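A.B. asks: The structure follows.
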Amino acid sequence: MSKKVRVRFAPSPTGGLHLGGVRTVLYNYLFAKQNGGDFIVRIEDTDQTRFVEGAEEYIFNTLEWCGLTPDESPKHGGPHAPYRQSERKESYRKYAEELVAKGLAYYAFDTAEDLDAKRKEIANFQYGHSTRISMKNSLTLSDTEFKNLIDANTPYVIRVKLEPHQEIKFTDLIRGEVHFDTTQVDDKVLLKADGMPTYHLAVVVDDYAMQISHAFRGEEWLPSAPVHIFLWDKLFGLENMPQWAHLPLILKPDGNGKLSKRDGDRLGFPVFAMDWKDPRTNEQATGFKERGFLPEAFTNMLAMLGWNSGSEQELFSLEELIEKFSLERVHKGGAKFDFEKAKWFNHEWIKKSTIYDVRSTIYNLFKEHNILVDDESKFEKVFELVKDRCVLLNDFVQQAGYFFQTPTNIDITALQPKWDDKKKSFFTALIQQWNNDFAGDATQLEQQFKALSETQQIKAGELMLPLRVMLVGGKFGPGVFEIASIIGKEETIKRIENTIAMLA
Ligand code: GLU
């Protein structure tokens, strides 16, 4: 019987979630759901020096925003709790000791100063097969020396011991067979002096304990794989090991290297899923969410960064992705990030969205700009009228705000050059006309407007732009009579009057 599909996302809570991290979550999630499996989030917080306050909460908020709900996690509970490695501290030591007993790991007593001295002495010093014999460890110390150090409670770490010139190989679901030569692999620390495991030991022990069937993670973890495979082999048996997939990097727009937060700052686009403020440095980073992305667009865009469906289709809901996703179609090479394309996805998703999907987000945005929605059905009408013009959700402030709030910024410079007495008298007559009889419906308002322009012997074409600027504040927006019809008689007249006064 094949193992139940159980995948995990195993972040270290060290900061905001980069879009590469969210894509790792997404591919894990899609694979789990496609196979009726479980998606687990495990917090890998054994490196206390890198722990950042708020980072774990941020991760869960991001997953919630994206709609990628874990089946098991520190927040959602589950049969393998606790899901924070720091709370599982006691479970790791015995495995490190087991390796020592088998001669596959050893105690090392070198102090930070000892290691520094070695680094100065040997360029690119690595604690490994060629150097371990000259260091202070249970391989080089006599039994008595070793016992004395232990009795004196001397701090030590446990390091893995790999013999050189051995081949370690495994089959990666994306890359195929991958080979490593152990000669290049250093003696990584497995258990630290504070009794905490390092990531390398903890990831293996927990993937085993949590019965993980598939482990998908970023390509940057590939160099660590030989140590993990070695530990699996020696502790739990390779037949129990999860199947690995190392996901391609997300690259800078020009393809030159891994996309970083700095590229986002430099080129003006977000790299994190949501706003993140680093509590240590107070450095801020804008998120896709706050920049005005819909979660549907964000996940759709991420899915396509490194995967394709093999068809022309580009827009996929999460449900469709669950159905269509396949690891075979994940690319080996890195995927260049293209912000314009990301915006294209968002625009398409805004066009597809309904008022029910976005109402509360837009209300919140409006609130920040002191725009008050006084009429729900008016809001629905406006939403349908302007959504095609909004690439980012924040565009609704400009594209819909003036329906609810008299514009304060009128682009007078767009009117001034062609403004003359004839136009002024037309608009004065229009005010009178609409004061007496404001037809209400857009088509009828247009007819009234054109009839008046004929009487006044002035081309309607020359009057449309002024009317637009008067009602909207600038040269944008949907049909101008639609706008007049929605904002109504009083507001239309008031805005025309205001602008005439400004032009006087
Ligand atoms: N804790 C590692 C990280 O922070 C997880 C790598 C893995 O998935 O094995 O990304």
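A.B. asks: I'm trying to understand the selection: among the residues of region 489-504, which are of a type outside the set (D, E, K, R) and in contact with a helix residue (DSSP H, G or I) (Cβ under 9 Å, 6 or more places away or on another chain)?
C.D. replies: Matches in region 489-504: T492, I493, I496, N498, T499, I500, M502, L503, A504.
A.B. asks: While we're looking at this one, here's another question. Which of the residues spanning region 1-27 are within 9 Å of the ligand (Cβ to nearest atom) and under 24 Å from W307 (Cβ atoms)?
C.D. replies: Within region 1-27, R8, F9, A10, P11, G21, T24 qualify.
A.B. asks: Let me spell it out: the conditions are (1) without any contact (Cβ under 8 Å) to a residue 24 or more places away in the chain; (2) on the phi > 0 side of the Ramachandran plot; (3) touching a helix residue (DSSP H, G or I) at 6+ places or on another chain (Cβ under 8 Å), and N308 meets all of them except one. Which number is the exception?
C.D. replies: Among (1) without any contact (Cβ under 8 Å) to a residue 24 or more places away in the chain; (2) on the phi > 0 side of the Ramachandran plot; (3) touching a helix residue (DSSP H, G or I) at 6+ places or on another chain (Cβ under 8 Å), the lone unmet condition for N308 is (2).
A.B. asks: Does D71 satisfy being within 11 Å of the ligand (Cβ to nearest atom) and among the charged types (D, E, K, R)?
C.D. replies: no
A.B. asks: Determine, yes or no, whether G54 is surrounded by fewer than 17 Cβ atoms within 10 Å (Cβ to Cβ), of a type in the set (G, A, S), in contact (Cβ under 8 Å) with a residue 60 or more places away in the chain and over 23 Å from P279 (Cα atoms).
C.D. replies: no
A.B. asks: Can we say I229 is part of a loop (DSSP other than H, G, I, E, B), within 14 Å of the ligand (Cβ to nearest atom) and under 31 Å from the mean Cα position of the chain (by Cα)?
C.D. replies: It is false that I229 is part of a loop (DSSP other than H, G, I, E, B), within 14 Å of the ligand (Cβ to nearest atom) and under 31 Å from the mean Cα position of the chain (by Cα).
For every residue, the table says whether it meets (1) surrounded by 15 or more Cβ atoms within 10 Å (Cβ to Cβ); (2) more than 14 Å from the chain's Cα centre (by Cα).
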{"site": "N282", "(1), (2)": "no, yes"}
{"site": "K289", "(1), (2)": "yes, no"}
{"site": "E296", "(1), (2)": "yes, no"}
{"site": "G306", "(1), (2)": "yes, yes"}
{"site": "E319", "(1), (2)": "no, yes"}
{"site": "V330", "(1), (2)": "yes, yes"}
{"site": "G334", "(1), (2)": "yes, yes"}
{"site": "A342", "(1), (2)": "yes, no"}
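A.B. asks: Also, I was wondering about something else. Among what's in region 314-363 and is of a type in the set (D, E) and part of a helix (DSSP H, G or I), pick the residue that is farthest from P253 (Cα to Cα).
C.D. replies: Among residues in region 314-363 that are of a type in the set (D, E) and part of a helix (DSSP H, G or I), the one farthest from P253 (Cα to Cα) is D357.
A.B. asks: Checking the structure you have, find out if any residue of region 457-466 is surrounded by fewer than 17 Cβ atoms within 10 Å (Cβ to Cβ) and within 22 Å of K387 (Cβ to Cβ).
C.D. replies: no
A.B. asks: So, in region 434-454, how many residues would count as being surrounded by fewer than 16 Cβ atoms within 10 Å (Cβ to Cβ) and touching a residue at least 12 places away in the same chain (Cβ under 8 Å)?
C.D. replies: 4
A.B. asks: Okay, moving on. Filter region 85-115 for residues that are out of contact with any helix residue (DSSP H, G or I) (no Cβ under 8 Å at 6 or more places or on another chain) and more than 22 Å from E145 (Cβ to Cβ) and give the result.
C.D. replies: E87, K89, E90, R93, K94
This table checks each residue for (1) under 39 Å from the mean Cα position of the chain (by Cα); (2) surrounded by 12 or more Cβ atoms within 10 Å (Cβ to Cβ); (3) at pLDDT 95 or above.
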{"position": "T131", "(1), (2), (3)": "no, yes, yes"}
{"position": "I150", "(1), (2), (3)": "no, yes, yes"}
{"position": "R159", "(1), (2), (3)": "yes, yes, yes"}
{"position": "E167", "(1), (2), (3)": "yes, no, yes"}
{"position": "D181", "(1), (2), (3)": "yes, yes, yes"}
{"position": "Q184", "(1), (2), (3)": "yes, yes, no"}
{"position": "L191", "(1), (2), (3)": "yes, yes, yes"}
{"position": "T198", "(1), (2), (3)": "yes, yes, yes"}
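A.B. asks: Of all residues in region 258-292, which are part of a strand (DSSP E or B), of a type in the set (A, V, I, L, M, F, W, C) and at pLDDT 95 or above?
C.D. replies: So the first thing to find is which residues in region 258-292 are part of a strand (DSSP E or B), and the list is 258, 272, 276-277, 284-285, 287.
If we keep only those that are of a type in the set (A, V, I, L, M, F, W, C) too, we end up with 272, 276, 285.
The answer is F272, W276.
A.B. asks: Only one of (1) at pLDDT 95 or above; (2) surrounded by fewer than 23 Cβ atoms within 10 Å (Cβ to Cβ) fails for N28. Which number is that?
C.D. replies: Condition (2) is where N28 drops out.
A.B. asks: Select, from L222, L238, L249, the only residue that is closer than 17 Å to H331 by Cα and more than 12 Å from the ligand (Cβ to nearest atom).
C.D. replies: Answer to the selection: L249.
A.B. asks: Let me ask something else about it. How many residues are without any contact (Cβ under 8 Å) to a residue 60 or more places away in the chain and closer than 13 Å to E328 by Cα if we restrict to region 165-183?
C.D. replies: 1
A.B. asks: Is it the case that region 34-55 has a residue that's among the basic types (K, R) and touching a Phe, Trp or Tyr at 6+ places or on another chain (Cβ under 7 Å)?
C.D. replies: Within region 34-55, the subset among the basic types (K, R) is 42, 50.
Next cut, touching a Phe, Trp or Tyr at 6+ places or on another chain (Cβ under 7 Å) only: 42.
Looking through region 34-55, at least one residue is among the basic types (K, R) and touching a Phe, Trp or Tyr at 6+ places or on another chain (Cβ under 7 Å).
A.B. asks: In this structure, does F236 turn out to be under 23 Å from N308 (Cα atoms) and surrounded by 16 or more Cβ atoms within 10 Å (Cβ to Cβ)?
C.D. replies: no
The values are calculated or read from the model by the stated rules, or taken from the named source; none is laboratory data. Fair warning: this is a prediction, and the values are worked out from it, not measured in the lab. Positions of Cβ are generated from backbone atoms using ideal geometry, with glycine treated the same way; all protein chains shown enter the neighbour counts.
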